[in-house]
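Chemist: This is the structure, below, for whatever I ask next.
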């Protein structure tokens, strides 16, 4: 879809009308993709040596030594399948979206999860197994694990958001909640929700991905990582911060290192010793292997299809290897574990494969005599829809915009962007913005999670299922969200504000992602960090500082106003400002200036406005909308 510039500036100011009277630059009739990206980029793109070092580090782990250096793209993967028959890999989404970027509660340790695993099976008739109802989980979490009710609901709701549901089902749930008149009514509706018990146990266990390790801290990986507050625009600057949620090596290593524990969590109580350990004769049920499919999937032979784990494990030619018995209809614990370890390999649709062999597009942009190159990689040309990934990095002093099928349903990572304006106007699965500075991001509806980490002076405008932020400073979030924004560790001066823009396809995209306008908890954040629960870490944007945001592109579609409207206080502030403009216009009209006086007055107004543009940084924002000369811009891919 072509995005065309509209003669409107990004945010309205009292002086804007006069300056734009002469007409801003207009980019119309552009070829599709001329103002944008068709593929995606991230940390490590073009840095193969760094990836190799990480692979060599992973190879030190016994369970990863066999495959740590193998980053499969489609053709290589197919060649290996011919030899081994089956390849399994760890799914990315449970870690990207499901693992909260904060150390888990201490009660999520293996010791307590084993007790929960046994407890729920003894309460099968009380809404605990095979489906775990919210009321039962609330009893376990609050009564036995001593978690706060809000925290218990947070983990339950995050897992529920990963479930495959139609947009209609999600919209129906939003409507039910919006009709509740009290907290008691909300709780009554929540009590009807249930999740797969065994998969939920696995979900709780993988929260250990971001557990603080004393040993790791002693060798330099502190948590929270020390913020680098350098204002240097060097986008190649290294950082000690390591986002495990997007690192498929970390996913793979975690599952390999903890595979025995993961399987033991799924065992029936009679298959465990008194100390909750497996024995040589322990048997794994078919239901347990189905549940393990929450984390693992794979393929077989030359088939171009992804299979759930249990279908591969139950495939007759593999019974001897997977340990399945046709008589008992169960799997041998040790044979199953050995088969999983043998077949586990790198995720062909993970971040590493995307950066190494995904479709790439990079374009150079001449800025103030220096060339800065944005990097983008995506796997959308080979990955199934649920595995799409787009990674972009090092966008510097540019305006980039895109609305296309390339982005639809993709997990997006935006990394190390500086002084830029990025518009991704398509329905997205998840978005992570990391180590960006002095930039504005306008996003299409985000179906699951929008997470920011280690960002400075960034503005984010989005409709999203959940917003979470960590280690940010001076950032502003204009959101419409049905869940409470999560303020994690290390944040400074967070500003929350209502969603304040629209584009023609917005409501259609919201419907496709199952996001409604109500309920909307943009102004009710939840502080989730151990070291500080001080509410002064955030503020709500004062109405006097509020201005609507105009997306400067023309698209086809029916949305003509901000979905759900604005809160009354902000709407009132806009009306008062408009009244001042009308009074000013009336004053100028009644002054009956001569032609020369009008010209002189116009010059004064424009000069004042240009000074304001420069002082606020909006001059760069306008200039970035003008296409560079042909000689200063090129595409390569």
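Chemist: Among the residues of the stretch 451-461, is any buried (at least 23 other Cβ atoms within 10 Å of the Cβ) and farther than 24 Å from residue 244 by Cβ?
Modeler: Within the stretch 451-461, not a single residue is buried (at least 23 other Cβ atoms within 10 Å of the Cβ) and farther than 24 Å from residue 244 by Cβ.
Chemist: Given the criteria on the phi > 0 side of the Ramachandran plot, surrounded by 13 or more Cβ atoms within 10 Å (Cβ to Cβ) and assigned by TED's automatic domain parsing to the domain that holds residue 457, does residue 565 qualify?
Modeler: Taking the combined requirement at face value, the residue does not satisfy it.
Chemist: Just give me the residues in the stretch 287-309 being touching a residue at least 12 places away in the same chain (Cβ under 8 Å) and touching a strand residue (DSSP E or B) at 6+ places or on another chain (Cβ under 7 Å), in sequence order.
Modeler: 289, 291, 293, 295, 296, 297, 298, 299, 300, 306, 308, 309
Chemist: Can you tell me which condition residue 480 does not meet? The list is (1) within 18 Å of the chain's Cα centre (by Cα); (2) closer than 22 Å to residue 416 by Cβ; (3) modelled with pLDDT of 95 or more, and all the others hold.
Modeler: (2)
Chemist: So, in the stretch 138-166, exactly how many residues are touching a residue at least 12 places away in the same chain (Cβ under 8 Å) and under 22 Å from residue 91 (Cβ atoms)?
Modeler: Selection size over the stretch 138-166: 12.
Chemist: In the stretch 418-452, which residue that is modelled with pLDDT under 95 and assigned to a loop (DSSP other than H, G, I, E, B) is farthest from the chain's Cα centre (by Cα)?
Modeler: Checking each candidate, the answer is 419.
Chemist: Give the stretch 168-185 a look and list any residue that's surrounded by 13 or more Cβ atoms within 10 Å (Cβ to Cβ) and out of contact with any helix residue (DSSP H, G or I) (no Cβ under 6 Å at 6 or more places or on another chain), or say none.
Modeler: Once the filter is applied, which keeps residues that are surrounded by 13 or more Cβ atoms within 10 Å (Cβ to Cβ) and out of contact with any helix residue (DSSP H, G or I) (no Cβ under 6 Å at 6 or more places or on another chain), the stretch 168-185 yields 170, 171, 172, 173, 174, 177, 178, 185.
Chemist: Further question on the same structure: With the condition kept exactly as written, say whether any residue in the stretch 552-562 is assigned to a helix (DSSP H, G or I), assigned by TED's automatic domain parsing to the domain that holds residue 403 and either exposed (fewer than 15 other Cβ atoms within 10 Å of the Cβ) or within 37 Å of the chain's Cα centre (by Cα) (or both).
Modeler: Filtering the stretch 552-562 down to residues assigned to a helix (DSSP H, G or I) leaves none.
Looking for residues that are assigned to a helix (DSSP H, G or I), assigned by TED's automatic domain parsing to the domain that holds residue 403 and either exposed (fewer than 15 other Cβ atoms within 10 Å of the Cβ) or within 37 Å of the chain's Cα centre (by Cα) (or both), one finds none in the stretch 552-562, hence no.
Chemist: For the stretch 317-333, state whether one or more residues are without any contact (Cβ under 8 Å) to a residue 60 or more places away in the chain, closer than 19 Å to residue 261 by Cβ and touching a helix residue (DSSP H, G or I) at 6+ places or on another chain (Cβ under 8 Å).
Modeler: Within the stretch 317-333, one or more residues are without any contact (Cβ under 8 Å) to a residue 60 or more places away in the chain, closer than 19 Å to residue 261 by Cβ and touching a helix residue (DSSP H, G or I) at 6+ places or on another chain (Cβ under 8 Å).
Chemist: Within the stretch 316-333, is there a residue that is closer than 30 Å to residue 266 by Cα, in a loop (DSSP other than H, G, I, E, B), modelled with pLDDT of 90 or more and touching a strand residue (DSSP E or B) at 6+ places or on another chain (Cβ under 7 Å)?
Modeler: Yes, the conditions are met somewhere in the stretch 316-333.
Chemist: Next up: Taking the stretch 459-502 as the region of interest, how many residues are in contact with a strand residue (DSSP E or B) (Cβ under 7 Å, 6 or more places away or on another chain) and not in a strand (DSSP E or B)?
Modeler: The number of residues fulfilling the criteria is 17.
Chemist: I've got another one for you. If residue 403 satisfies every condition in (1) touching a strand residue (DSSP E or B) at 6+ places or on another chain (Cβ under 7 Å); (2) surrounded by 23 or more Cβ atoms within 10 Å (Cβ to Cβ); (3) modelled with pLDDT under 95 but one, which is the exception?
Modeler: (1)
Chemist: Right, next: Residues of the stretch 147-171 being within 20 Å of residue 131 (Cα to Cα) and either in the same structural domain as residue 515 (by TED's automatic domain parsing) or outside any helix (DSSP H, G or I) (or both), which ones?
Modeler: Result: 163, 164, 165, 166.
Chemist: Condition check: in the same structural domain as residue 439 (by TED's automatic domain parsing) and either within 15 Å of residue 355 (Cβ to Cβ) or not in a strand (DSSP E or B) (or both). Does residue 401 satisfy that?
Modeler: Against the criterion (in the same structural domain as residue 439 (by TED's automatic domain parsing) and either within 15 Å of residue 355 (Cβ to Cβ) or not in a strand (DSSP E or B) (or both)), residue 401 does not qualify.
The values are calculated or read from the model by the stated rules, or taken from the named source; none is laboratory data. Note that the structure is a prediction, hence the values are computed from the model and not measured. When we count neighbours, we look across all protein chains shown, and the Cβ atoms used for this are built from the backbone with ideal geometry, even at glycine.
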